[in-house]
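Asker: Quick one: the structure is below, and I'll ask about it shortly.
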Amino acid sequence: MAITSTEAAEALRDIAQTDRRTRVSGAYHVASPHLILWGLIWAAGYAGCGLTPPDQWGLVWLPLIVVGVLGAILLGRRAASSGGAGASGAAGFSIGRSLTLGLGISLFIGSVYFVFQPVSPLPYLVFPALITALVYVLLGGLLGLPRYVAIGAVMFLVTMIGFIYAKPFLPFWIAVAGGGGLVLGGLWMRKV
Amino acid sequence: MSRPDEIIHQSLRLRIMAALHAAGSEPLEFGRLKALVGATDGNLGSHLSTLETAGYVHIDKDFLGKRPRTRASVTPAGSRAFRGHMDYLREIMESAGGG
């Protein structure tokens, strides 16, 4: 068989495009259940914040975070055992890296609270959501995963709209719009 | 000089092999593979059969709950053949001065 250089170039372009699509789709596919899990946890956590006084918010979030971490580990192991890309969390990171990232972000958020000593409960609600949105945008940009950028941008926008226009019921706003947004984002990631 | 692989070089089969090669050890479900390579059901099934007959692809059929599931993965022979064909294409480009 004779293949011209034009045909070879076209074939190599086809291969590169398909390769990239498959790898990106694979990263989304792995991340999808994690986004859905954390979206549900967000929804429950923020709804809990709306139903309890601020001094009990730690008690609302602590068991949910434990559930989230255990859930993420189980999802990663299930993916690995079904012949998947290995024990990976959101963005296709290993579970270890995902948990380290989460711990680092939590320490950063806690440190900012410690330094700034907010007197209103609103920053305690809004800041984690804004940081999470930033992380999604940065990860998406650095890893070449545009859906992460879109999800992060929507989360940022939704959080700011709630902070400006929905202060009286902000926890419930973030529960529905933020948590719901993560769940929808996770479902979107299942689509090739 | 590497040699071309006539089975792999067909346009849709090339994309199928590229997708399965990129997925590595992870089998790809039929529906997802179809979307990745832009094929129809009939087309994809036919070309997967050709690749399976050549020993390049492994097809696994099972059930996920009550839902039948078909998954495809590249075999070691298929991976070698795909890489060999890519090397051949690159050699054509290099000898044409295309880099």
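Asker: Residue by residue through segment A:159-165, which ³J(HN,Hα) values in whole Hz follow from phi under the Karplus form 6.51 cos²θ - 1.76 cosθ + 1.60 (θ = phi - 60°), with glycine and proline marked x?
Answerer: 5, 5, 4, x, 5, 7, 10
Asker: Another one. How big is chain A by the Kirkwood estimate over distinct Cα pairs, in Å?
Answerer: Evaluated on chain A, it is 18.0 Å.
Asker: To the nearest Å, what is the center-to-center distance of segment A:1-78 and segment B:55-98, using C-alpha atoms only?
Answerer: The two parts, judged by their Cα centres, are 26 Å apart.
Asker: Another question about this same structure. Please work out the ratio of the alpha-carbon Rg of chain B to 2.2 N^0.38 Å and round it to two decimals.
Answerer: For chain B, the normalised Cα radius of gyration comes out at 1.15.
Asker: Also, I was wondering about something else. Rg and Dmax of segment A:1-81, Cα atoms, in Å?
Answerer: Considering segment A:1-81 through its Cα atoms, Rg and Dmax are 22.4, 75 Å.
Asker: Using 1/(1 + (r/R0)^6) with R0 = 51 angstrom and r between the beta carbons of residue A:108 and residue A:14, what's the FRET efficiency to the nearest 0.05?
Answerer: FRET efficiency, residue A:108 to residue A:14: 0.75.
Asker: Sticking with this one: Under a plain spin-label model, where a point goes 7 Å from the Cα along Cα-to-Cβ, how far apart in nm are residue B:35 and residue A:166?
Answerer: Taking the simple label geometry, residue B:35 and residue A:166 are separated by 2.8 nm.
Asker: Rounded to the nearest 0.05, what FRET efficiency is calculated for residue A:5 and residue B:63 with R0 set to 30 Å and r the Cβ-Cβ distance?
Answerer: E(calc), rounded to 0.05, equals 0.05.
Asker: At 0.36 nm per residue, minus the direct Cα-Cα distance, what do residue A:127 and residue A:100 gain on full extension? Give it in nm, one decimal, please.
Answerer: 7.8 nm
Asker: Positive end of the dipole of segment A:1-155, charges at C-beta (+1 Lys, Arg; -1 Asp, Glu), about the Cα centre: which of A:6, A:79, A:40 has its Cα farthest in that direction?
Answerer: Of the options given, the answer is A:79.
Asker: Also, quick follow-up: Hey, got the average number of other protein chain Cβ atoms within 10 angstrom for residues in B:30-43?
Answerer: Taking all residues of B:30-43 together, the mean is 2.
Asker: Taking the Cα centre of chain A as origin, work out the dipole magnitude from +1 charges on Lys and Arg Cβ and -1 charges on Asp and Glu Cβ, in debye rounded to 20.
Answerer: 180 debye
Asker: Pop a pseudo-label 7 angstrom from the Cα along the beta-carbon direction at both residue A:74 and residue B:83 and give the gap in nm to one decimal.
Answerer: Spacing of the two 7 Å Cα→Cβ label points: 3.9 nm.
Asker: Can you run phi through the Karplus equation (6.51, -1.76, 1.60; θ = phi - 60°) for segment A:131-139 and list ³J(HN,Hα) in whole Hz, with x for Gly and Pro?
Answerer: 5, 4, 4, 4, 4, 4, 5, 5, 4
Only the coordinates and a few stated rules stand behind these numbers; no lab work does. Since we're looking at a predicted model, the values are computed, not measured. Glycine also receives a Cβ, built like all others from the backbone with ideal geometry; neighbour counts cover every protein chain displayed.
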